[in-house]
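**Student:** Dropping the structure in here first, questions after.
The values are calculated or read from the model by the stated rules, or taken from the named source; none is laboratory data. As the structure is a computational prediction, the values presented were derived from the model and not from experiment. Heads up, the Cβs are rebuilt from the backbone with ideal geometry, glycines too, and the neighbour counts pull from every protein chain shown.
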């Protein structure tokens, strides 16, 4: 049961982050300042869902890790440290700084520098979460074969 719960939380986190990233890129391409501001507002509110989902993913992953060993588990753990670091240091602060700037219609150098950092950190986290999902699927297949 715990592996399914962990997978659901992990998939939800990946989906939320992909939604944030896609909304940002789409509104930038469209170029409408109102849409950009609304995307930033949605992302800020979405953090209220994302942060608990990431915490629950981490807690369930830690519980699963207690009964598992191996290179795949170690690789997932290392990636999660990078994901958490990116989120705490780059993504959450960027979202909270970009929101008022976007609401004021500001798109100067500061805005675009922070936006670039946010997109790069978000793409990194999407990649790392995708790799963790792939490894999790491999681990679940091993459990099914061993059972």
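**Student:** Go through 84, 37 for me and flag whichever is touching a helix residue (DSSP H, G or I) at 6+ places or on another chain (Cβ under 7 Å) and either outside any helix (DSSP H, G or I) or in contact (Cβ under 8 Å) with a residue 12 or more places away in the chain (or both).
**Tutor:** When all the criteria are applied, what remains is 37.
**Student:** Only residues that are at pLDDT below 95 and touching a helix residue (DSSP H, G or I) at 6+ places or on another chain (Cβ under 7 Å): list them for the range 88-106, please.
**Tutor:** 105, the sole residue that qualifies.
**Student:** State whether one or more residues within the range 60-76 are more than 21 Å from residue 5 (Cβ to Cβ), within 12 Å of the chain's Cα centre (by Cα) and in a helix (DSSP H, G or I).
**Tutor:** no
**Student:** Checking residue 125 against (1) farther than 15 Å from residue 13 by Cβ; (2) buried (at least 18 other Cβ atoms within 10 Å of the Cβ), which test does it fail?
**Tutor:** Tallying (1) farther than 15 Å from residue 13 by Cβ; (2) buried (at least 18 other Cβ atoms within 10 Å of the Cβ), residue 125 fails exactly one: (1).
**Student:** Among the listed residues 88, 83, which satisfies the condition of being surrounded by 16 or more Cβ atoms within 10 Å (Cβ to Cβ) and closer than 21 Å to residue 22 by Cα?
**Tutor:** Numbers: 88 fails: surrounded by 16 or more Cβ atoms within 10 Å (Cβ to Cβ).
Within the list 88, 83, the selection yields 83.
**Student:** To continue, here is another question. Before we move on, is residue 140 touching a residue at least 40 places away in the same chain (Cβ under 8 Å), buried (at least 17 other Cβ atoms within 10 Å of the Cβ) and over 28 Å from residue 31 (Cβ atoms)?
**Tutor:** Values: touching a residue at least 40 places away in the same chain (Cβ under 8 Å): yes; buried (at least 17 other Cβ atoms within 10 Å of the Cβ): no; over 28 Å from residue 31 (Cβ atoms): yes.
So residue 140 fails the test.
**Student:** Now for a separate question. Does residue 130 meet the test of being over 17 Å from the mean Cα position of the chain (by Cα) and either surrounded by fewer than 18 Cβ atoms within 10 Å (Cβ to Cβ) or not in a helix (DSSP H, G or I) (or both)? Spell out how you get there, then give the answer.
**Tutor:** Details: over 17 Å from the mean Cα position of the chain (by Cα): no; either surrounded by fewer than 18 Cβ atoms within 10 Å (Cβ to Cβ) or not in a helix (DSSP H, G or I) (or both): yes.
No: the conditions fail for residue 130.
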